[in-house]
Amino acid sequence: MSSLAVEHIDGVAIARLSVDIDASNAARVRGELSDCFQRSTDQVVLDLSTTAYLDSAGIDMLFRLSQRLRQRRALLLLVIPDGSQLSRLARIVGLGRAMPVHDTVDDALRSLSNPCGAGKPA
Amino acid sequence: MSQPSRLEHIQSLTDASLGYLSLEELLSELLDRIRQGLAADTAVLLLLDEDRGVLVARAARGLEEEVRQGVQIPLARGFAGRVAAEARPVVIEDLSQAEIVNPILRQKGIRSLLGVPVLVEGRVIGVMHVGSLHHRSFNDEDIALLQLAADRIALAIDRARLTEQRSVTEVMQRTLLPDALPQIPGLRFSGKYLPAGSGVKIGGDWYDVFQLPDGRVTFVIGDVVGRGVMAASVMGEIRTALRAYLIEGHSLEAVMTLLNDLLSSMGRNRSATAAIFELDFESGVLESVSAGHLPALLVDPSGQASFMETEPGLPLGVSAGGRYPCTRGTFEVGSTLLLYTDGLIERRSEPIDDGLERLREAGRHAAELQDGPFADRVYLELLDENPLEDDVALLAIESLPLGERLSMTLDAVPGVLAGLRRTIGRWLAGQGASEAEIFDVTLAVSEAAANAVEHAYGARDATFTVEGQREPDRVRMTVRDDGRWRNTRPYGRGRGLAIMRSLVDGVEIDSVDDGTTVTVVKRLEEQRP
């Protein structure tokens, strides 16, 4: 089973992850996210609203991937609902400093159509 | 032939030291001795292949071609076939007058033949014969001597077959039944596998338990039609395919449908009954599907026993396109689920409902007792003086409350981390921890566990332990491995440690030569006396 369910809306890939990201699957998730970029688009929204846990291996993976994409002028956006346990973790490790983090998928998509809204500080 | 030399020949056939030879050496030695003892030109041993109903040349002296050419004689045909079919000695004084299947006998110029059956407990397992190039009439003494040799060979072959079957059976059982049932806090497993009869023919009964990455636990029971190595290997195929489908994330209905299509497409001789159960700890929901398997017994916390009403589909492999509807039930803490194969309750001369009722009664009674594993208690209740008519596989799953202490040993592989987090979450919830507290402690312990797994990388059979203890105002959890704390990836590990420190109130790393212990302490809002 693929870890990611991917759909495309207006040329943006939206990848939804419903399992935890940890040492057991971080490399695979990274590979699947990279595939999304190669196949379709320069913008991928990673929806973590049903993901319960993200450990340091998962966080490292997101930081590194985002850094690589930036060099290619591509963008990884995260969706982590406000008030969730994951959003607390995102603040602690400073995910928002490296990539846009949004409350909902709609917010993330809106930020892409409106270049001024580059994501809220997390 | 003089009398003393006859005695010597008898002694040479019953010589105790023959017992130390391998089967091949023994056969060749006995054929030599009997040929000498009877002054015969040829000596041949053929063994019966019961499945195909033919005698196959196994060893020969003076007629080695028989073995090399793999001569096969149908039962009741020709000379050897007649000996086997009639299960008594046959003498042919003049071969030119007799019906012969095997042309080698004539080509060799054999004139006279004496054959005796090789018998085990009155059953024919083969034929032994000696031949003479000259016309000869074999007397009663000759017949007795050849029968003596045949009996000695029967003994050796029977013993060798038993040993071979046993070792195949043992290997099969070791490979196909889970060697250790997984440790999942809150569940206690006890399993039993009992082969019927002498135990040399393993059946196709099996059970299995495993945990999916998201924490759900799956129990499986099944029974392949037939016995022996073939049934056991079909069972192995099903077990592997079933695990693979579940890991791919299919629903229970889909898993059963896929299994059925797979077995149906693999040709005849592959049919089985099976039932799969999936427990979601968080909701207590127990889903089940059944492919013609007997209903599982559920003993509730009050000790009432009833059969689960899983809607049964057709057995696997009977026809493609079968449907397997999923039934939802609940599995409360304090309940026991009992999975079994029909050998446990079926008695010849008794309707199946009587057997089910006896099992229900045994389950109810077993729940009142405390001694020994649950599966053993049920089995002892049902045990009677009759020998088992069929193999029995039995798996009991008890749902237990999680206490103030948590203790588990896990394989040091990344795949265990997700299940570990679910278990810790469940335990912490039982200790009154809030959602945020559960998240923090779980993630901190998971980080420590990921380190233990990383240390063990490449080591075979490495394990680590996780323990939790509720104290009045906090929880204390330890992760212990037997490797060394190494900062192999400073960037990642540094972040892991930083995350741990920011989530909980105390992180202590104690690294000594024989391993590392990480202790995580978190204060809880809810206090316990």
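The values are calculated or read from the model by the stated rules, or taken from the named source; none is laboratory data. Just so it is clear, the structure is predicted and the values come from calculations on it, not from any experiment. Virtual Cβ from ideal backbone geometry, glycine too; neighbours counted across all protein chains shown.
Observations
- Of the listed requirements (1) within 13 Å of chain A (Cβ to nearest Cβ); (2) touching a Gly at 6+ places or on another chain (Cβ under 8 Å); (3) over 20 Å from residue B:210 (Cα atoms), residue B:422 misses just one: (3).
- Checklist (1) touching a helix residue (DSSP H, G or I) at 6+ places or on another chain (Cβ under 7 Å); (2) surrounded by fewer than 15 Cβ atoms within 10 Å (Cβ to Cβ) applied to residue B:338, failing item: (2)
- Against the conditions (1) in contact with a Phe, Trp or Tyr (Cβ under 6 Å, 6 or more places away or on another chain); (2) more than 14 Å from every other protein chain (Cβ to nearest Cβ); (3) crowded, with 18+ Cβ neighbours inside 10 Å; (4) assigned to a helix (DSSP H, G or I), residue B:277 satisfies every one except (4).
- Pick from segment B:11-25, criterion surrounded by 13 or more Cβ atoms within 10 Å (Cβ to Cβ) and either of a type in the set (Phe, Trp, Tyr) or out of contact with any Lys or Arg (no Cβ under 8 Å at 6 or more places or on another chain) (or both), ranking: farthest from residue B:136 (Cα to Cα): B:21
- Residue within segment B:340-363 that is under 26 Å from the mean Cα position of the chain (by Cα), on the phi < 0 side of the Ramachandran plot and part of a strand (DSSP E or B) present: yes
- Condition check for residue B:396: at pLDDT 95 or above and within 30 Å of residue B:304 (Cα to Cα): yes
- Among the criteria (1) part of a loop (DSSP other than H, G, I, E, B); (2) farther than 16 Å from residue B:132 by Cβ; (3) of a type in the set (A, V, I, L, M); (4) modelled with pLDDT of 85 or more, the one residue B:110 does not fulfil is (2).
- Residue B:333 falls short on exactly one of the conditions (1) under 28 Å from the mean Cα position of the chain (by Cα); (2) in contact (Cβ under 8 Å) with a residue 12 or more places away in the chain, and that condition is (1).
- Figure legend. Inter-residue proximity from segment B:86-111: first residues touching a residue at least 24 places away in the same chain (Cβ under 8 Å) and of a type in the set (Val, Ile, Thr), second residues in a loop (DSSP other than H, G, I, E, B) and crowded, with 19+ Cβ neighbours inside 10 Å, beta-carbon distance below 7 Å, spacing 6+ or different chains. Indicated pairs: B:91/B:138; B:104/B:63; B:104/B:71.
- A single entry from B:492, B:483 fulfils the requirement of being more than 9 Å from chain A (Cβ to nearest Cβ), at pLDDT below 85, out of contact with any strand residue (DSSP E or B) (no Cβ under 6 Å at 6 or more places or on another chain) and surrounded by 18 or more Cβ atoms within 10 Å (Cβ to Cβ): B:483.
- Residue B:226 satisfies every condition listed in (1) over 24 Å from residue B:182 (Cα atoms); (2) in contact with a Phe, Trp or Tyr (Cβ under 9 Å, 6 or more places away or on another chain); (3) not aliphatic (A, V, I, L, M) except (2).
- Residue B:41 being modelled with pLDDT of 80 or more, more than 20 Å from residue B:119 (Cα to Cα) and among the charged types (D, E, K, R): yes
- Among residues of segment A:9-24 that are under 17 Å from residue B:249 (Cβ atoms), those with a beta-carbon under 6 Å from a residue that is of a type in the set (Gly, Ala, Ser) and in a strand (DSSP E or B) at least six positions away or on a different chain give the pairs A:16/A:5.
- Screening the candidates A:103, A:82, A:47 for the property of being on the phi < 0 side of the Ramachandran plot, away from chain B (no Cβ under 14 Å) and crowded, with 21+ Cβ neighbours inside 10 Å yields one hit, A:47.
- Criterion: in contact (Cβ under 8 Å) with a residue 40 or more places away in the chain and over 26 Å from residue A:59 (Cα atoms) - qualifying residue of B:400, B:410: B:400
- Residue check, residue B:471 surrounded by fewer than 24 Cβ atoms within 10 Å (Cβ to Cβ) and over 34 Å from the mean Cα position of the chain (by Cα): yes
- The condition (being within 14 Å of chain A (Cβ to nearest Cβ), more than 20 Å from residue B:472 (Cβ to Cβ) and not basic (Lys, Arg)) is satisfied by just one residue among B:398, B:435: B:435.
- Positions within segment A:1-49 being in a strand (DSSP E or B), among the small types (Gly, Ala, Ser) and at pLDDT 90 or above, in sequence order: A:15
- Segment B:221-260, subset assigned to a strand (DSSP E or B) and surrounded by fewer than 23 Cβ atoms within 10 Å (Cβ to Cβ), residue nearest to the other protein chains (Cβ to nearest Cβ): B:225
- Any chance residue A:90 is under 14 Å from the mean Cα position of the chain (by Cα), free of Cβ contacts under 8 Å to residues at least 24 places away in the same chain, within 14 Å of another protein chain (Cβ to nearest Cβ) and not in a loop (DSSP other than H, G, I, E, B): no
- Some residue of segment B:445-464 being under 19 Å from residue B:512 (Cβ atoms), assigned to a strand (DSSP E or B) and either touching a residue at least 40 places away in the same chain (Cβ under 8 Å) or within 12 Å of chain A (Cβ to nearest Cβ) (or both): yes
- Within segment A:19-38, being within 14 Å of chain B (Cβ to nearest Cβ) and surrounded by fewer than 16 Cβ atoms within 10 Å (Cβ to Cβ) holds for A:27, A:28.
- Taking the listed residues B:288, B:264, B:306, the one that is closer than 28 Å to residue A:3 by Cβ, hydroxyl-bearing (Ser, Thr, Tyr) and not in a loop (DSSP other than H, G, I, E, B) is B:288, with no other qualifying.
- Matching residues, segment A:50-65, being surrounded by fewer than 19 Cβ atoms within 10 Å (Cβ to Cβ) and either of a type in the set (S, T, N, Q) or assigned to a loop (DSSP other than H, G, I, E, B) (or both): A:50
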